[in-house]
Structures are given as C-alpha cells and as structure tokens.
Amino acid sequence: MAEELVVVKKEENICTLIINRPQKRNSMNPETLLQLGDALNALKEDGQTRLVVIRGAGEEAFSSGYDIGRIGGASDQELTGPRRNPLAYGMNSVSGFPYPVIAMIFGYAVGAGLELAATCDLRFAAEGARLGITPAKLGVVYSPQGLQKFLNLVGVSQTKELFYTGRLIDAQRALEIGLVDHVRPAGELVKFTYDLAGEIAGNAPLSVSGTKTTIARLLKYQKLNPEDEDELRKLQAQAMSSEDLKEGQKAFLEKRKPRFTGR
C-alpha cells in the first residue's frame, strides 16, 4: 500500500489536505505532488467540496520545499499525460480546482513549498512563520510559470529581492509585501482559517467558482511567445546540468555555505 503522503479530511463542504512528511519538514517529492493532484482532482468530481485548506502536518512547516536530492532527477517513465511532470501536476491541480484553496501556514514555507502557497487563492500565516524562495542558494533557474505567480502577488521589485537574495522573511514582512493575506498568533490561526473558510463556503457556489475562473482566465493572457519559452527552457536546462547545482545540493546536505563558480 502506498504511503499516505497527503491526508484528506472532509467536514461538510470543506476539505483539508495535509502534507504528511513531518520528519522531513513536509518537503515534497514527486510522490507527494502526485497524491496532492490526485486528491484535488477527486474532490473536483465529488460535487460537495466548496473549499480546500492545504497545510503541513504539525506546526513546524507548511512545506520546506522540494526534496533537494530529487531536483534534476529523471521522471518515472511509467507516468503519462499531466502526471508525467509531478510538480506541474500538483500545482496545476491547485490552480485548476474550481473553488477557493487556502494555504494555512505554520512554520516554514520555502522553495516549492512557498510556490505551492502562492498557487493557492489565499494565504494565512502564523506569527512565527518563515517564508522564502531559494533557487539562488542551490543554482536553479526557476520556471517562468513559478516566477509569474510571485510577480502577480508581490510585484516586480519584491519578486526580484526574494529570488536574488534567497532570504527567509518573517510573517509580518510577508504581510507587508502582500505575500500572505493575514497573520495570526499560532494559537488562533486554525480558528481564523476555518471561520473564514466557512464564510466563503457558505456563499453562492456558482458565484465563487465563477469569480475564480474569471480571474484565472484574465491572468492566462500573461503568456510567453514560443521563442522566449525555448530560450528560458535552455537556461533552466543549463542550470540543471551545472556544477553549481551539484555544489548547492551538496552544501545543503552538509549544512554549509555553497561555493559557486558559475559553471
């Protein structure tokens, strides 16, 4: 039986999805992202769910990011269709879910974990949360789709600062720049989240879903032309095969500062 990496809890028309890798600070691997996408797609078909809350198990981390050791690894050859790219599949399942998805953030939301939160419709954080996007610490060129989410949330200058520095910021700073929508004491976050979730889920489903779909369609026009896409794919591939990426992964595992050479 497959390990339960995403726990599904339903209560009336609200469902909670819990990233269940507390021993790894709820970091995500391909299997986690596939289970997340599958769970959301199943909820899409159940005809009952009107809102989803995503959180990490425990209060140490929402998600500390993508498993460092799995970055740049080959995909499972048996996967086909949308599931062939687990990261895109998981993220697209969140953005494509017909009703609102709320990220409830305790502790760390870093790297792909922060992208997952950015993909959600709303983000509520505990006061002790720490958030950051860290490809510059590893030697990775982030995807245009991922960068666009941050541009839409916090604007050009704040996106540049987040990505150029790779710093972790506290919840209050995240609130100031628009990266999260509300900050509450840790002991109040769950009640605050589900009170607001209940308010949203109690509204007219066609109105709420229609608004989410309309906003998504408006944002859909932010597209690259094929030539630009090809150029950016080459930049990503260059970084994925670089010595710097190997050094970034090794330094992370050894808990030391990486020594990048630009090669």
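Read-outs throughout are calculated quantities, based only on the coordinates presented, and are distinct from any laboratory measurement. Nothing here was measured: the structure is a model prediction, and the numbers come from that model. Glycine also receives a Cβ, built like all others from the backbone with ideal geometry; neighbour counts cover every protein chain displayed.
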Requested in this report: For region 89-206, would you read off the P(r) tail past 18 Å as a percentage of all alpha carbon pairs?
Outcome: 50 percent
Requested in this report: For Thr165 paired with Glu11, estimate the spin-label separation in nm (one decimal), with each label point 7 Å from Cα along the Cα-to-Cβ line.
Outcome: 3.7 nm
Report summary line: the chain, Gaussian network, Cα under 10 Å: of Leu131, Leu114, Leu235, the residue fluctuating most is Leu235
Requested in this report: Give the angle, between 0 and 90 degrees and rounded to the nearest 10, that separates the Cα long axis of helix 226-240 from the longest principal axis of the Cα atoms of the chain.
Outcome: 70 degrees
Query - Pairs of Cα atoms farther than 22 Å apart, the chain, % - result: 56 percent
Report task. Could you let me know the centre-to-centre spacing of region 126-141 and region 172-226, using Cα atoms, in angstrom? Result -> 21 Å
Report summary line: Checking Glu115, Glu11, Glu31 against a Gaussian network model of the chain (alpha-carbon springs below 10 Å), the top fluctuating residue turns out to be Glu11
Requested in this report: Over region 6-208, calculate the relative contact order: mean separation of alpha carbon pairs under 8 Å at least 6 apart, over the residue count, as a percent.
Outcome: 20 percent
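How many percent of DSSP beta bridges within the chain run antiparallel, rounded to 5? Spell out each step's value before the answer.
Working: 8 of 30 bridges.
Approximately 25 percent, going by the DSSP bridge assignments.
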Query raised in the report: In units of 2.2 N^0.38 Å, what is the alpha-carbon radius of gyration of region 123-263?
Result: 1.31
Query raised in the report: Helix 243-254 versus the longest principal axis of the chain: what is the Cα-based angle in degrees, 0 to 90, to the nearest 10?
Result: 60 degrees
Query raised in the report: Using the Karplus equation 6.51 cos²θ - 1.76 cosθ + 1.60 (θ = phi - 60°), what ³J(HN,Hα) coupling, rounded to whole Hz, does each residue of region 101-106 give in order, writing x for Gly and Pro?
Result: 10, 10, 8, 9, 10, 9
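Measure up Lys149/Lys255; Lys137/Lys223; Lys9/Lys220; Lys137/Lys234; Lys160/Lys212 against 25 Å on the Cα-Cα distance and list the ones that go over.
Lys149/Lys255; Lys137/Lys223; Lys9/Lys220; Lys160/Lys212
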Requested in this report: Return the distance in nm (one decimal) between the two label points of a simple spin-label model at Lys234 and Arg263, each offset 7 Å from Cα along Cα→Cβ.
Outcome: 2.2 nm
Report summary line: Gyration tensor (Cα only) of region 36-158 to equivalent ellipsoid, semi-axes in Å sorted down, yields 22, 20, 14
**Report entry** the chain: angle of helix 186-201 to the longest principal axis, Cα-based, in degrees nearest 10
**Finding:** 60 degrees
